[in-house]
Amino acid sequence: MNNNNFDYIHEHPEVYFTQQAKDGGYVCPICGNGSGKSGTGVNLIKGQTYRYKCFKCGTSGDVINFYATEHNISNRDAILQVFEMYGLDFVAKKFYKSSIPKNTPSKEEIIQSQLEKELIANDIILATEHLHETDYFAKRGISYKVAEKYNCGFIEKWIHPKKRGDSQILPSPRVIIPTSPESYVARAIDDNKIPKMKAGSSEIFNIEVLRNSKQSVVVVEGEFDALSIIEAGNDAIALGSTTNVDKFLKWLKENNIPPPQPLVLNLDADDAGQKATDKLATELRKMKIKFYELNLILINCKDQNESLIKFREKFLQAVANIPLKVKQLQQESRYKFTDFAKIDTWEKNIRMGRKAISTGWQFLDQVLDGGLYEGLYVIPGTPGTGKTAFALQMAFQIAQQQKDVLYISMEMSEEEIYERHISRISYQLFWSDEQNQHKAKTVHSIIQEGETVPQAREIFKKVAPYLRTECSVGTLDADDIRKIVEIYEYELNTLPVVFIDYLQILKAHDSHMTDKQAVDYNVLRLKQLSRDFKIPVVILSSMNRMSYSDIISMAALKESGAIEYTADVCIGLQLANMEQIKIGTSTGKAEKTVRQMKGKTEREMEIVILKNRNGKISDELQFKYYAMFHNFTDVLKNHNSNSKTSNFLDISNAKMC
C-alpha cells in the first residue's frame, strides 16, 4: 500500500466504529455511549475531518487513538493492529522521517517468527476440528463440504497469535479461512467486533488452483466471495485486498503458469476495485495471459457472497453460465477484431455513396472520376508553373460549393493569400469585359493603390465562411496539422478538405531526421490523416533541380520515395509541349525555352495525371495560366464542346451562401 494508507483508514471509520449511535455518530467502543435511548456517541470534532470525541468518557482522537485506548496499548502497536484490521500492509519507512534499515534478524526474532508460524499452523488445525460448532458458514451460504475442502474452521476463543499472553486482550469467536499453510483470515461472527483480521503475511486465498484448474478461474477480492463462487461450482481465488494485485502478478510471473482457460476478473465495483482491475488488465495483456471481465454480482448486492445469500438459485445459474459467457466473449472478440465488425459500416457507406467533391474544373473532374475523394493527392511542379495559384483556386472553388476547406501555407502570410484571391476574382469578373478590364487588379496594383476590388471582396466574403487559412513557416509537421483538423471538427462539427503548401518545408518530426526521412514521415502521417477522417488531403510538392527543363514524372519529385508509393493521385503541372521542347534540343537551349515560356503573362499549361489509384493515368489536360492574376482556366481541347474555355466561377450564377 502507498502513503495513502492512513488516508484510507481515516476515510473509512466505519470499519472500526461498527455500531451507529441512535442519535447520530458511532457508539463509543470505550464506554458504550450512544447505545442507549439517549447519548450523543462518538462524533467528529468541529472543524476536523477525521478526529472524533466521546463527550461522556472524554476519549478523543482518530481511529488509531481510540483503538489504542480501547485495548490499552501504545499507538505504535495500535497502528499495526489497525492496519491488519483494515487489510493493509504497513511499511514503516513510508511513515517516518528516517527509514528503518533492514537489519539481519536476530536469533530471538527468528525464533519468535517460527513460533508465530507454528501457532498459526496449529490454529488452522484446531479450527478445522471445531468447524461444525458454528453455523456462520451456513448463514453466509457456504456448505460444510466446501468449508472443509479449504480447511476452514472455527475458534470460539480466538486471540491474535501476536497478542497471546496479553491478559488485557479479550478473546472473541472467529471463523478461520486459511490463505496459506502459515496465514489465515480470522472473521468475526459477532458484528460488534473487528470484522476481519489477518494472521501471518497477507496471502492470496486459493491461488494454487491456477496450477491445475481446467476452468476459467474467477479473481475476486474477498475470501467469502471466492467461497461463494466455489460453492456454485467454479474455481475462484481471493486477493484479500486490492493491495495484493502486485503479489498476484508476481506469482504469475515467477511460476510462469499460463492458465489453460481465460481468467475472469470480477473485483468490487468501487474506485479501488476498478483501479485494481485496470492494473490487472494492463499487466495481464503484457504477460499474454487471456482474461475477460465478467460481472457475477447481482443487482442490489454489494458482492458475490451477498448475491449467493439473497438470490441463491439465480447466482448459482450465473456461475454455471461462466463457460458459456466466456465462449460468447471469445466469439465477440473474433467478431470485433476481424472484418466481421466492419461489414455494417462498409454496407452503410456503400448505400450512402462516396460523393466526389468537384475541383471546379470540368474536365479535371472527369479524369478524376468526379473530383476529389478520401485520399492523398499530390500536386508537383517546377517553380513558375503556378502550384500555389492552382491550389488556392481549387480550394476557393471547393469552398464555393459550401464544402469546408483548410488551407495551410508554409510560405505566405494570410494577407498575401487574401490578395491573391481578390486578384483572381477581379480578373474573372472584369477581364473579358473590355470596358471594365482596368478593374481587374494584380496583387502589385492592390498593394500600390492601397485598396482591393469591392465586388471581389463581397464575393470572397460569401465564400469565406467555408475557408480557413493557417500560415506557419517551418513550425508545423503532419501531427500538428492533424490537431488542427481535430479542432476544426470539434468547433464546426464537420471536416474540411485539407491543402498543404508545401510538403518539403513541413517541419521534421524529429530534429535528427534527414530531409528524406522527414518527407517520408509527413507523407505517411498525412495519408493516415486522410484515412482516419475520410477526407481529401492535397499537398503541393517541389521537384528536383535536374527536372526543371524536363518532362514531368514521378521520379522527378523531390524525395519521391514515400510520395510515389503512398499518394492516391498525383497531378503534375508542367508547361505545354514539353516533349517537343525536349526532343532534339540541347539542355541549355531547352532551359532557355522554358525560361521564356515562364516569362509570359499567359502560359500554356498541361495537367498530367501521373498516378491515379482508382482511375486512368497519363491523361493530359490543357490549361491557360494567367500568372499576373493567379488564375487557371481549362481549355476544352479535343472534347465535344462549342466553347473554347470553361471557368468554374460564373459570377452571375455562382452559388453563394
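With the charge dipole of the chain set up from +1 on Lys and Arg Cβ and -1 on Asp and Glu Cβ about the Cα centre, the Cα lying farthest toward the positive end among the listed residues GLN328, LEU88, ASN305 is that of GLN328. Plainly put, the range 280-395 has a radius of gyration that is 1.36 times its Kirkwood radius, both from alpha-carbon atoms, as the Rg/Rh ratio. Largest accessible area first, the residues TRP346, TRP158 order themselves as TRP346, TRP158 under a 1.4 Å probe with ligands, DNA and RNA left out.
Gain on full extension, evaluated as 0.36 nm per residue between LEU126 and ALA555 minus their Cα-Cα distance, stands at 145.8 nm.
Under a model in which nothing but the beta-carbon of Lys, Arg (+1) and Asp, Glu (-1) is charged, the range 323-438 shows a dipole of about 1020 debye around its Cα centre. For the chain, the longest principal axis of the Cα atoms and the long axis of helix 478-492 meet at an angle of about 80 degrees.
Normalised size of the range 193-287, defined as Cα radius of gyration per 2.2 N^0.38 Å with N residues, equals 1.04. Hydrodynamic estimate: the Kirkwood radius of the range 24-86 over Cα pairs, inserted into Stokes-Einstein at 4 °C and 1.567 mPa s, corresponds to D of 108 µm²/s. Seen through its C-alpha gyration tensor, with square-root eigenvalues sorted a ≥ b ≥ c, the range 389-454 comes out oblate because a/c lies at 1.5 or above while a/b is not bigger than b/c. Just report the Cα centroid separation between the range 480-559 and the range 238-288, whole Å. Spelled out, the Cα-based centre of one part sits 44 Å from the other. In degrees from 0 to 90, rounded to the nearest 10, what is the angle of the helix 245-255 Cα long axis to the longest principal axis of the chain? Helix 245-255 and the main axis of the chain meet at about 90 degrees.
For the chain, the Kirkwood radius over C-alpha pairs fed into Stokes-Einstein at 25 °C and 0.890 mPa s yields D = 76 µm² per second.
Between the listed residues ALA199, PHE315, ILE446, the Cα displaced farthest toward the positive end of the dipole of the chain, a dipole computed from Cβ unit charges relative to the Cα centre, is found at ILE446. Each Lys and Arg contributes +1 and each Asp and Glu -1, all at the Cβ; summed about the Cα centre of the chain, the dipole is approximately 420 debye. In plain terms, if you count all Cα to Cα distances in the range 363-516 and split them into 10 Å steps from zero, the share in each step is 9, 34, 36, 17, 4, 0 percent.
Taking every protein chain into account, the 1.4 Å probe leaves ILE617 with about 90 Å² of accessible area, to the nearest ten. Taking 0.36 nm per residue of sequence separation and removing the Cα-Cα distance, the ASP479/ASP191 pair yields an extension gain of 97.7 nm.
A crude spin-label estimate for the pair GLN455 and LYS327, with each label 7 Å from Cα along the Cβ direction, gives 7.8 nm.
Calculated accessible area for the chain comes out at 52 Å² per residue, all protein chains present (probe 1.4 Å; ligands, DNA, RNA ignored). Listed here are the pairs LYS461/LYS527; LYS117/LYS290; LYS275/LYS310; LYS286/LYS314; LYS193/LYS314; which of them are more than 30 Å apart at the Cα? Exceeds cut-off: LYS461/LYS527; LYS117/LYS290; LYS286/LYS314; LYS193/LYS314.
Between ARG211 and SER74, full extension at 0.36 nm per residue minus the direct alpha carbon distance yields a gain of 45.0 nm. The portion of the accessible surface of the chain made up by carbon and sulfur, rounded to a whole percent, is 49 (1.4 Å probe; DNA, RNA and ligands excluded). Accessible area of HIS444 (1.4 Å probe, protein heavy atoms only, ligands and nucleic acids ignored): about 130 Å². Taking all Cα pairs closer than 8 Å and separated by 6 or more residues, the relative contact order of the chain comes to 9 percent.
The values are calculated or read from the model by the stated rules, or taken from the named source; none is laboratory data. This is a predicted model, so every value here is computed, not measured. Using ideal geometry, Cβ is built from the backbone for each residue, glycine included, and neighbour counts are taken over all protein chains shown. Heavy atoms of the whole protein, side chains included, go into the accessibility calculation; ligands, DNA and RNA do not. Shrake-Rupley method; radii C 1.70, N 1.55, O 1.52, S 1.80 Å.
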